[in-house]
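Reviewing the structure listed below.
Any read-out appearing in this document is the output of simple, stated calculations on the displayed coordinates, not a laboratory observation. All values reported here derive from a predicted model rather than from experimental measurement. With ideal geometry, Cβ positions are generated from the backbone for all residues, glycine too; neighbour counts draw on all protein chains shown.
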Amino acid sequence: MEGVSPPLTADEARRVAAVEARLVREAAAQGFLPFDRFMEISLYAEEIGYYAQEADPFGPSGDFYTAPRVTPLFGWTVADRILAVRRALGGDRPFEIYEVGPGDGGLAASVLEGLTRQSSDLGGITYHLIERSAPLARRALARARAAARDGNVPVVEDPAVGSDGPFEGIVLGNEFLDAQPARRLHWTGTEWHELGFRAQEKRLEPAEAPLITTVPPPELPTPPEPDTVLEISPSAEGWVRSVADHLVRGELLLLDYGYDQPELLSAHSKGTVASVRRHRSMPRPEEAPGASDLSIFVNFTRIRDAARRAGLIEIAYGSQAGALGDWGFAEELASAVKAARSAEEEVRTRLAAKNLLFGFDRFRALELAAPSSSPALSTLTRPDA
């Protein structure tokens, strides 16, 4: 839904002013502010960035919805997959679950509930939360620990995946990659340029410049048409490589919206950056920085390439709805319908399930395995997946 967002609250106005001032200062000092730096400051600047706010950005009173907000069936089905991975690897060793970007803990809570519902033997499992936002980290920790009590699963905070060294387990990222700072590149017809901003009279103006730094492999494509915009996230690709450095046995499971690069170039040739506030799309990403969410469609071609170069083995890649079906969503739905206490509750459960399966059609599921565990985990995937 597009249009002008509601007026800024006093707190939002202060934060936007602080973010804008910092962006302008940096743009003036450097002469050009690339989009990934703009995104980093707008979203993650300490105390003033979008994710530093005390208000909850999720749900009807926030700015956007995520799948865990639609129905707990999402997290319960992810829990089924986690348990299947653990069984395939052998359940007699410590098993670490790292969730990156857990937000307010909605997915962590439903995953932990799902683990407890499906298994009475959760010994050796530890759930790790990695969240840059201090306010969200507090909420996520409290919510996840409350959900973990029945299963007696320890829930801890960590600064990074594998901060305690190599491990066996699962790394889970739901709508994590789309919020990583991204470079916006413009094809002029002969070469790629960098999109960003320059400071003009104490405000930001969109600008273009030669590439700030070289682009890591793979080589950038040659689009068929000029004026094509492509987003890439070297920071997201680097993060995938860091996971590969620490994941000894187990799986990296990524759920996010995006496409392969050819489709991004053909169907989204003007780029995919989205600025959202109060469930409305803002016309310009530089509008209300610090009070609006920013994201891009994930370039899965480059993410998959980064994983391959890092030594991870691709187990499965496809639609999120298809992956949920493979992992046991139908069984979870049937169980929830059976447990419904009224006809109205059954209808709500079915409608939420339909929303999850069909309302997130741009979402993909990418499963990547550490080489040593690839043979065991490959048996969990249908031959036609």
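Structure values in brief
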item: Largest-first principal axis extents of the Cα set of the stretch 232-385 (Å); result: 49, 48, 29
item: Tilt relative to the chain, helix 73-89 - C-alpha long axis, 0 to 90 degrees, to 10; result: 70 degrees
item: Burial ordering of His128, His279, His268, fewest other beta-carbon atoms within 10 Å first; result: His279, His268, His128
item: The stretch 109-128-the stretch 297-350 distance, computed between alpha-carbon centres (Å); result: 18 Å
item: Degrees separating the helix 329-339 axis from the principal Cα axis of the chain, which is the longest one; result: 60 degrees
item: Overall form of the stretch 85-208 per C-alpha gyration tensor (a/c, 1.5; a/b vs b/c); result: prolate
item: Angle between the chain longest axis and helix 343-359 axis [Cα atoms, degrees, rounded to 10]; result: 50 degrees
item: Once exposed loop GluC sites (Glu not before Pro) are cut out (DSSP; at most 16 other Cβ, 10 Å), longest piece of the chain; result: 55-190
item: Estimated FRET transfer efficiency when R0 is 41 angstrom, pair Val215-Asp11 (beta carbons, to 0.05); result: 0.60
item: Förster radius 45 Å - calculated FRET efficiency between Glu201 and Asp121 (Cβ-Cβ, nearest 0.05); result: 0.10
item: Convex hull projection area averaged over all views, the stretch 209-319, Cα basis, nm²; result: 9.0 nm²
item: Contour excess over end-to-end distance, with Cα ends at Arg362 and Ala29 and 0.36 nm allotted per residue; result: 116.0 nm
item: Paramagnetic reach from Arg280 in the stretch 54-80 [backbone N under 17 Å; point 7 Å along Cα→Cβ]; result: 60-65
item: The chain: C-alpha pair distances exceeding 31 Å, %; result: 38 percent
item: Proxy reagent accessibility, fewest Cβ within 10 Å first, across Trp239, Trp192; result: Trp192, Trp239
item: Computed magnitude of the charge dipole of the chain (debye, nearest 20; Cβ of K, R +1, Cβ of D, E -1); result: 500 debye
